[in-house]
4 protein chains.
Amino acid sequence: MKTISIVGGTGYTGGELLRLLIPHPEVTVQQVTSRGQAKRFLRTVHPNLRGQTNLKFVDPADLKPCDILFLCMPHGKSAADIEKYAGMADQIIDLSADFRLSSPDQYLQWYDWEHPTADWLGKFVYGLAETQRDALRSANYVSGVGCNATATNLALLPLAKAGVIDKAIVEVKVGSSESGNSHTAGSHHPVRSGAMRSFAPTGHRHQAEILQELGDFELHFSATAVEMVRGVLCTGHVFLNKAMTEKEVWSLFRETYKEEPFVRVVKERRGLYRYPEPKILAGTNFAEVGFEYDESSGRVVVMSAIDNLMKGAAGSAVQCMNLMCGFEETLGLEFMGLHPI
Amino acid sequence: MKTISIVGGTGYTGGELLRLLIPHPEVTVQQVTSRGQAKRFLRTVHPNLRGQTNLKFVDPADLKPCDILFLCMPHGKSAADIEKYAGMADQIIDLSADFRLSSPDQYLQWYDWEHPTADWLGKFVYGLAETQRDALRSANYVSGVGCNATATNLALLPLAKAGVIDKAIVEVKVGSSESGNSHTAGSHHPVRSGAMRSFAPTGHRHQAEILQELGDFELHFSATAVEMVRGVLCTGHVFLNKAMTEKEVWSLFRETYKEEPFVRVVKERRGLYRYPEPKILAGTNFAEVGFEYDESSGRVVVMSAIDNLMKGAAGSAVQCMNLMCGFEETLGLEFMGLHPI
Amino acid sequence: MKTISIVGGTGYTGGELLRLLIPHPEVTVQQVTSRGQAKRFLRTVHPNLRGQTNLKFVDPADLKPCDILFLCMPHGKSAADIEKYAGMADQIIDLSADFRLSSPDQYLQWYDWEHPTADWLGKFVYGLAETQRDALRSANYVSGVGCNATATNLALLPLAKAGVIDKAIVEVKVGSSESGNSHTAGSHHPVRSGAMRSFAPTGHRHQAEILQELGDFELHFSATAVEMVRGVLCTGHVFLNKAMTEKEVWSLFRETYKEEPFVRVVKERRGLYRYPEPKILAGTNFAEVGFEYDESSGRVVVMSAIDNLMKGAAGSAVQCMNLMCGFEETLGLEFMGLHPI
Amino acid sequence: MKTISIVGGTGYTGGELLRLLIPHPEVTVQQVTSRGQAKRFLRTVHPNLRGQTNLKFVDPADLKPCDILFLCMPHGKSAADIEKYAGMADQIIDLSADFRLSSPDQYLQWYDWEHPTADWLGKFVYGLAETQRDALRSANYVSGVGCNATATNLALLPLAKAGVIDKAIVEVKVGSSESGNSHTAGSHHPVRSGAMRSFAPTGHRHQAEILQELGDFELHFSATAVEMVRGVLCTGHVFLNKAMTEKEVWSLFRETYKEEPFVRVVKERRGLYRYPEPKILAGTNFAEVGFEYDESSGRVVVMSAIDNLMKGAAGSAVQCMNLMCGFEETLGLEFMGLHPI
């Protein structure tokens, strides 16, 4: 059994990690830190852990060495202290954005931020198994993924890998848990409830991760908040750089994902769920990907759905841990989701 | 045209007053105060006022005399400064709880609060037209109503007036706008969304207003938060102190409400809305009241629905203003509500 | 007072027409037909009409002549019987799609339908005041508008009129009332609730109305269902055919809408509602339009919000009626919407 | 490995059984019948089963013998054919109401139904482990539970067992999945969405199951539909037949549930989830039970929360199967629920 600890365990991704790791057969949760909740039971913050553990939060100062360290802190914190954490665990998975991008220039451009420990950027592998599986198997340092980036990456991957994307206009629709567990005027229920609210029509930072993973094409990105707690639906309007038949498009999707344990191509002729839809993925690590092709205009509408806290954060992180440690890739990630919900 | 001003106009009841009073044919909105938003357009806070007015918030220190003053402040503030406000307007409608109860003892009991201007309590009329219409016609000082109290008062009034209630167990289901426009950990969308949350199983303060208006019987009260922004549904389980037929119960409801412009008795055999339901009342000043009678057990289940910001706050306040000023009682309150919604 | 009647008054657009026309100061509602609900009170179907009218539905066979006839029937019905209806009223407003397009070829292409009374197409004016105001003032026959088409038309109009659109990729997010009041497996609450569901990634018929009103450019259109009852949010990604500054784009929007009574340009730096958002427009005839411009990529993200049953259907129809009859254009359409909601 | 089959597997309880039983380590799903969906993949109806099974629905005529048969049919069907099913499997769990009550008189009284195979009633054990665990261990025929009855039974059990209930007024708030997967005018999303709708103020049939399990006291029961898909919140107002301290009440709850694997007593002083709340139980077999005691009035407000499709149906059924077969009671029911949701 490997020991794992979580630094910053009161947030939503911390809570999801605990839900996945407490019953995980190959690891033991050793410590969970919180400055504000130290000495309180985990269940005080994460009510779904009632009866599952008697662990209490510990003060960050009391963190002890362990095998694997999960960092779930606000952006900037992991980068500042990465040397310290590397001294406490051989393997680190950082769920913030601090080590997602491979060059300090990109942080300047997208985050307007001078990375304080840029020499570490090259040591981290981007934590998306579908593009980095082999690298992850031998990685000691893994960065988490952006939720909107992940939905987009999985939607576009089959076409991007084939090099057939000329231009992609991507719109993600997202739930309220994306913004984390801090309340704001905008997250106040009477305000956020029933919203269809454009919050990043241009300039969203996750574009950097998309371009990094998928290579070079013209990308336009917008994000809209809708009424939902968990879930991202990505709709990408892709214009191809060559003529293709629907069958050829199909075959790119099938080839890309046929062996993937967590990606399902969904394009049904029957039933009520014919395209990807996030709500039935709540709590799962699955991504659903589908498309519709308008041959006359050369537009492929690709769609993907994930749970932002799972495949878009904690689920992918555990999938990475499984790969890093040589465990079965799907271990602890078997939950198949609820219907109806 | 009478001039009106609103003290504390950034909250939800202030916003509703503005929606009702800006187009009201007998009044002119003169000033709206706000400490934090002074010099900003009202529409910055109340986006539904875009294009309806060019008024800006003014600093409370700049409040000028007017004909009617609406006070929309946190509880305790109106009581502290009532002398000052009475010097600025002949007529005052206070939407806080500060002048709802007629005796200082009740404030001690229910609010654990020593009322600072208790001599003013007797000058205020409780602002529920259905129980205080005549007093309101000649009142200069009117207190607003509690939203849950109003739903309950209107549900129980026909039976209470007849003196046939032995015991009433009342449960209100409420939306998130009841708590006002200040965000809290509990109003954070991921937390509040989809809630069915008991928040006051016992001890709710609105019981004081119910007993004051309806007289003496055994009252038990609980409140539960549900997924909704606006609306209160009150379900009251009433045990009678004498045998009655369903027809007699019907006749009490009909007699009580047949002349009321804003109360509808709803008990249908057809259609999808057979009992009172708050969602179709959103934005209106209407209350719907209905009941089901189980003769075998002597239990009358009374139901009522209102919009907590309207009949439970701003709508009732405007109805009171109309009565105080001798306007048509329904003026400015004609909106009939949306369906579907 | 003009007399109006509604053919097919049990649906959602029929209900909204009644909400608007019953209190309208220049018309009297004479008859409302329904095959299935004949002889029942309107309020059985439209609970918000309780206390507002004692009218009952009448059988279509009992329809009598009137001044203005509103047709609210399933597509195909008005076209089939237009001669009959024209014999009963001098002015007709048809809310179906039967007379929206000006040529029978377009019906073949988009609806796969041979129009049975194609000679009538030229007599109808498309009912969007913002593009057809002058023609509407002298029209006797007006067609309603498609809701998604209207959101898109208003979002794109400033740029389309200026002839600067090269290509537009439009995505509308829509509520469940768009599909009308007939229940289906897909509208079952456990299925439709919480949906983010692509339902027309390609091939949506409203494209025909958009191209007809806005002229010729490359249009790509997708529609996604989200959790909401009323409302459309349109996000259009527009690529310009010439270099422009943000100021020039601003000026196109301002010029187009500065005199429009029902269109507001929303692009705020403060507050919680900085871009168009449909929920605060529920029940109103207002459209909100805004944009964000990424000069570096030449993409203008235009956004618009409407209530699909109002500006996207019944509200626009009443606005047309006001124009046709020479009434004040905003008459009966003053409701300013609710906040919070 | 025991073989199980499900008769009537397209509904929501059938879907939940499949979610639980496909990965269950001690059983193999052999057949799932459906008249309408025969020969189609299970995933056509239950999209969360994508990738989990390649089973197809079979025609009921093709049902083969198995070890355990789950019956998920509309009420009346199991009773009619119980002899046939008993010939096909040694153990039967029937999720309908057909064998919940122990006497044919009760079916006459509550269901207005003459039970066709009343001699079988005595062979069935009521499937609530918390009241019938020992009987279930040796049972071959088990009836499922009513969801509202289960929420109520678990809320009242500690007080009922102690014989201290004089009178209980119970109100359940329920989600839309309670009504099953058939769409109706009332389940149409624009109608059902945002509802707070009393649907059974009096006369709910589940009262029979409550009184049968808990013994004799005065019970009053009402049910209200609220905006939610899964979940029941029960609020019971209990008047005691003797004076008790809060400590004594506490001790009844603790004693009753301290060994129960699926019931948690929730009564917190900290955190956002201080009382039972159904949303965090979605997909789990857990019930949360709590209370607040108003000593002055002698009222105990008991609260309980469950997922109606799980602890209120399929989850309890699997718990019963585990007991009947001598498996670990919690097997296949480990899912701990999601937060936030």
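All of the numbers you see were taken from the coordinates with simple rules; none came from a lab. Just so it is clear, the structure is predicted and the values come from calculations on it, not from any experiment. Heads up, the Cβs are rebuilt from the backbone with ideal geometry, glycines too, and the neighbour counts pull from every protein chain shown.
If we count other beta carbons within 10 Å of each Cβ, what is the order of C:Lys123, D:Lys247, D:Lys311, fewest first?
D:Lys247, C:Lys123, D:Lys311
Output the relative contact order of chain C, whole-number percent, from Cα pairs under 8 angstrom with separation of 6+ residues.
In percent, rounded to a whole number, it is 17.
Please say if chain C is rounded, prolate or oblate, where rounded means a/c under 1.5 for a ≥ b ≥ c the square roots of the C-alpha gyration tensor eigenvalues, and otherwise the choice is prolate for a/b larger than b/c and oblate otherwise?
Prolate shape, in that a/c is at least 1.5 and a/b is the bigger ratio.
What are the label-to-label distances in nm, one decimal and shortest first, from B:Thr28 to the same spot in the other copies, with labels 7 Å along Cα to Cβ?
3.7, 7.9, 8.7
Measure nothing but the geometry: give the 0 to 90° angle between the long axis through the Cα atoms of D:147-161 and the longest principal axis through the Cα atoms of chain D, rounded to 10°.
Relative to chain D, helix D:147-161 is tipped by roughly 40 degrees.
List the residues, sorted by chain then number, that are 5 or more residues from B:Leu309 or on another chain and whose placed amide H is less than 5 Å from its amide H.
B:Gly231
With a cap of 11 neighbouring Cβ atoms within 10 Å, and only residues DSSP puts in a loop, list the GluC sites (Glu not before Pro) found in segment B:77-143.
Here the GluC sites (Glu not before Pro) that fit, given the DSSP loop and packing criteria, are B:Glu114.
Arrange D:Phe286, C:Phe217 by Cβ neighbour counts within 10 Å, fewest through most, would you?
On the way: D:Phe286 26, C:Phe217 19.
So the residues, fewest neighbours to most, are C:Phe217, D:Phe286.
Only Cα pairs within less than 10 Å get springs; with that Gaussian network setup on chain C, which residue of C:Val266, C:Val174, C:Val125 has the largest fluctuation?
C:Val266
Per DSSP H run of n ≥ 4, the term is -39500 (n - 2.57); total these for chain C, divide by its residue number, and report the mean residue ellipticity at 222 nm rounded to 500 deg cm²/dmol.
Calculated at 222 nm, the ellipticity per residue is -7000 deg cm²/dmol.
Starting from the Kirkwood Rh over alpha-carbon pairs, what translational D in µm² s⁻¹ does segment B:213-300 have by Stokes-Einstein at 10 °C and 1.306 mPa s?
The estimated diffusion coefficient comes to 106 µm²/s.
If the cut-off is a Cα-Cα distance under 27 Å, which lysines reach B:Lys84, setting aside same-chain residues fewer than 8 apart in sequence?
Result set, ordered by chain and number: B:Lys2, B:Lys39, B:Lys56, B:Lys64, B:Lys123.
Which distance in nm do the two modelled labels at B:Lys39 and C:Lys123 give, with both placed 7 Å along the Cα-to-Cβ direction?
It works out to 6.2 nm between the two label points.
Over what distance in Å are the Cα centres of segment A:135-171 and segment D:224-279 separated?
46 Å
What are the label-to-label distances in nm, one decimal and shortest first, from A:Thr245 to the same spot in the other copies, with labels 7 Å along Cα to Cβ?
5.3, 8.1, 8.4
Could you grab the relative contact order for segment B:269-340? Cα pairs under 8 Å, six or more apart, rounded to a whole percent.
Relative contact order of segment B:269-340: 33 percent.
How big is the antiparallel share of DSSP beta bridges in segment C:147-308, given as a percent to the nearest 5?
In segment C:147-308, DSSP labels about 70 percent of beta bridges as antiparallel.
Which residue fluctuates the most in chain B, going by a Gaussian network model with Cα springs under 10 Å, if the choices are B:Asp59, B:Asp119, B:Asp166?
Taking springs between Cα atoms under 10 Å, the residue moving most is B:Asp119.
Please give, to one decimal in nm, the separation of the simple spin-label points placed at C:Asp166 and B:Thr28, each 7 Å out from Cα toward the Cβ.
5.4 nm
How far, in degrees from 0 to 90, does helix C:77-86 lean away from the longest principal axis of the Cα atoms of chain C, to the nearest 10?
In chain C, helix C:77-86 runs at an angle near 60 degrees to the longest axis.
When the Karplus curve 6.51 cos²θ - 1.76 cosθ + 1.60 is applied with θ = phi - 60°, which whole-Hz ³J(HN,Hα) does each residue of segment A:252-268 get, with x for Gly and Pro?
3J(HN,Hα) across segment A:252-268, in whole Hz: 5, 5, 5, 4, 5, 10, 4, 9, 6, x, 10, 10, 10, 8, 10, 7, 9.
Rounded to the nearest 0.05, what FRET efficiency is calculated for C:Thr3 and C:Phe199 with R0 set to 41 Å and r the Cβ-Cβ distance?
Working: r = 39 Å, r/R0 = 0.95.
Efficiency, from the Cβ-Cβ distance: 0.55.
Tell me the angle of helix C:12-21 to the major Cα principal axis of chain C, expressed in degrees between 0 and 90 and rounded to the nearest ten.
80 degrees
Run the label-point distances for D:Glu328 please: 7 Å along Cα to Cβ, every other copy, nanometres, shortest first.
Ordered by distance, the counterparts are at 1.4, 7.3, 7.4 nm.
Taking neighbour counts of Cβ atoms within 10 Å as a proxy for exposure, in what order, fewest first, do B:Lys258, B:Lys2 appear?
Starting with the residue having the fewest Cβ neighbours, the order is B:Lys258, B:Lys2.
For segment A:1-54 and segment A:284-329, what is the separation of their Cα centres, given in Å?
25 Å
Along its principal axes, what span do the Cα atoms of segment C:147-308 show, with the longest given first and each in whole Å?
48, 34, 28
Once you have the Cα-Cα distance between D:Ser103 and D:Thr245, take 0.36 nm times their residue separation minus that, and quote the gain in nm to one decimal.
Stretched fully, the D:Ser103-D:Thr245 segment lengthens by 47.4 nm.
Note the count of lysine pairs whose C-alpha atoms are less than 27 angstrom apart in segment B:147-308, limited to pairs 8 or more residues apart or on different chains.
19
Kindly provide the Kirkwood hydrodynamic radius of the protein assembly as shown in Å, to one decimal, from all pairs of distinct alpha carbon atoms. Let's see the in-between values first.
On the way: mean 1/r = 0.0304 Å⁻¹.
Every distinct Cα pair counted, the radius reaches 32.9 Å.
Over chain B, with a Gaussian network built from C-alpha contacts below 10 Å, which listed residue (B:Glu288, B:Glu26, B:Glu213) shows the highest mean-square fluctuation?
The residue with the greatest mean-square fluctuation here is B:Glu26.
How high is the relative contact order of segment B:147-308, in percent, with contacts defined as C-alpha pairs under 8 Å that are six or more residues apart?
30 percent
For D:Asp216 paired with C:Lys64, estimate the spin-label separation in nm (one decimal), with each label point 7 Å from Cα along the Cα-to-Cβ line.
Label at D:Asp216, label at C:Lys64, 6.6 nm between them.
For A:Ala287, what residues show an amide H to amide H distance below 5 Å, using hydrogens built from the backbone and excluding near sequence neighbours?
Under 5 Å from the amide H of A:Ala287: A:Val263, A:Arg264.
Could you check what % of the DSSP bridge pairs in the protein assembly as shown are antiparallel, to the nearest 5? Walk me through the intermediate numbers first.
Numbers: 118 of 242 bridges.
So the antiparallel bridges in the protein assembly as shown amount to around 50 percent.
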